[in-house]
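Note sheet for the following structure.
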2 protein chains.
Amino acid sequence: MRYLITFSYDGSSFRGYQKQPNRRTIQGEVETVLENINDNKKVDIVASGRTDAGVHALNQKAHFDLDIKITEDKLKKAMNSMLPDDVYVKRVEIVPNDFHARYDVSCKEYVYKINLGEYDPISKDYVLQYNKKLDVVEIERALKYIEGTHDFKSFTKADDEKDNYVRTIFSANLTRDIKNVNFLTFTFLGTGFMRYMVRNLVGTLIEIGEGKMKSEEIFTIFSKKDRKAAGKTAAPNGLYLKDVFYR
Amino acid sequence: MRYLITFSYDGSSFRGYQKQPNRRTIQGEVETVLENINDNKKVDIVASGRTDAGVHALNQKAHFDLDIKITEDKLKKAMNSMLPDDVYVKRVEIVPNDFHARYDVSCKEYVYKINLGEYDPISKDYVLQYNKKLDVVEIERALKYIEGTHDFKSFTKADDEKDNYVRTIFSANLTRDIKNVNFLTFTFLGTGFMRYMVRNLVGTLIEIGEGKMKSEEIFTIFSKKDRKAAGKTAAPNGLYLKDVFYR
């Protein structure tokens, strides 16, 4: 039976999503729990994509096959009773055997949180502590240039070799927290995000907000297809995989 | 020169506010930094009050005297450059030599956050994960009975011997997060809060919300002056010292 889980995690104490020997990873923790449930037979989980060390997830998705028969409700309870307190399974669904949590992704939503106000020790692992003013109007202009279908090679991890760097971003927005105008949230909804792509977009948008670049330079960066043309990679702590949608 | 600082901290990795040998405490960290600034001469800080292990502060206040002369701005910068990343000084003020951060408190504000929705791994250290429904209307009735001047002995740590347990709570409210109706915040504004008092009030309010007690039983609890009459002590992770006001 093939299962699809929706799960959330606090990325702060993980060395990233992907399993690595002797490192605490999300995949590692989830597979250990599933093997326990699956009569100690190996279980390979396939997520919608990886997240880097320190990146959080509100609704990550993954599929896997179990040898045993167990209902969705019971599997959810069993997993949550064994998982560490920084990972939580929100939903379990039985899916067709040809469902694939990565290949079938239709679009994904990421959010990135920034605090422009004073340093806040309580949110340090959950919000980028930028702690200075930014030109939000210029950033919002650049966000509109990012929307659409573009070659995102300049915004991808430099040594990440791919056949195709073209992706579509349906929407790229910035919202302010109504209770604290210094808390900003970027939202990116798109067909796919390559390694470091959201963090490189945010790092570039910050440089635009600092006045180091004009918003129109986004077009130059796209055309150069060179990682060096874009801004720095923003820290992982402000990034959340918010949603994964399937056709 | 006497200084008053306003500071915030994430209580998650501390064994509480008050200095203890070989334990990481907020007072310990702040005094170490101040002694460094004060030419290695001992500095004793006096806070508005202690907070327990795991309790956070948004605007804690403390006073201390320094032997050296330093401006407010420079002291703030020096302290923040040396403090660990879970403590932050928001403001430094020079105050009269007879100002006292504890004795001169006029009132204090505490907030307590609860999640009635599904378990959230990302806020686990910052919001009580109650994860079930509560009768919010009955809780709100009880909050109105808590407001006013009462003997709070039943809500104080059992072995905390005091001459006087009478305190005034000016306001006790409950608000729902507009983006997530399952996130509730209690706010208590009062003349003074004894050890575990807010956590015991919240623990009792939860039992009222569970239907284990009626809201009117608050009056019986007040009259008994016995810790056993009230509900359990709520966990520290949802509690924040929000503000301290001086006359």
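The values are calculated or read from the model by the stated rules, or taken from the named source; none is laboratory data. This one's a predicted model, so the numbers in the text were calculated from it and none came from an experiment. In this analysis, Cβ positions are derived from the backbone assuming ideal geometry, glycine residues included, and neighbour counts consider all displayed protein chains. Note: accessible area is taken over every heavy atom of the protein model, side chains too, but ligands, DNA and RNA are not part of it. Shrake-Rupley method; radii C 1.70, N 1.55, O 1.52, S 1.80 Å.
Screening A:R15 against (1) touching a Lys or Arg at 6+ places or on another chain (Cβ under 8 Å); (2) away from chain B (no Cβ under 14 Å); (3) not polar (S, T, N, Q); (4) not in a loop (DSSP other than H, G, I, E, B) leaves a single unmet condition, (4).
So is B:T51 closer than 17 Å to B:V89 by Cα and assigned to a loop (DSSP other than H, G, I, E, B) or not? Considered against the rule, which asks whether it is closer than 17 Å to B:V89 by Cα and assigned to a loop (DSSP other than H, G, I, E, B), B:T51 comes out as yes. Remark: pairs (first residue in region A:223-238, assigned to a loop (DSSP other than H, G, I, E, B); second residue open to solvent by 80 Å² or more (accessible area, probe 1.4 Å); Cβ separation under 9 Å; 6+ apart in sequence or on different chains) = A:A230/A:K224; A:G231/A:K212. Filtering region B:65-83 to residues that are within 14 Å of another protein chain (Cβ to nearest Cβ) and open to solvent by less than 70 Å² (accessible area, probe 1.4 Å) leaves B:K76, B:M79, B:N80, B:L83. Considering only residues in region B:125-152 that are within 23 Å of B:D52 (Cβ to Cβ), part of a loop (DSSP other than H, G, I, E, B) and open to solvent by less than 40 Å² (accessible area, probe 1.4 Å), the one that is nearest to the other protein chains (Cβ to nearest Cβ) turns out to be B:Y126. Close Cβ contacts (under 6 Å, 6 or more residues apart or on different chains) running from residues in region A:7-26 that are open to solvent by 50 Å² or more (accessible area, probe 1.4 Å) to residues that are outside any loop (DSSP other than H, G, I, E, B) comprise A:Q18/A:Q27; A:K19/A:Q27; A:K19/A:G28.
The set of residues in region A:29-50 being under 24 Å from A:G238 (Cβ atoms) and away from chain B (no Cβ under 13 Å) consists of A:A47, A:S48, A:G49, A:R50.
Which of the residues spanning region B:84-124 are part of a loop (DSSP other than H, G, I, E, B) and facing chain A (nearest Cβ under 9 Å)?
Answer for region B:84-124, where residues must be part of a loop (DSSP other than H, G, I, E, B) and facing chain A (nearest Cβ under 9 Å): B:P84, B:D85, B:D86, B:E118, B:Y119, B:D120, B:K124.
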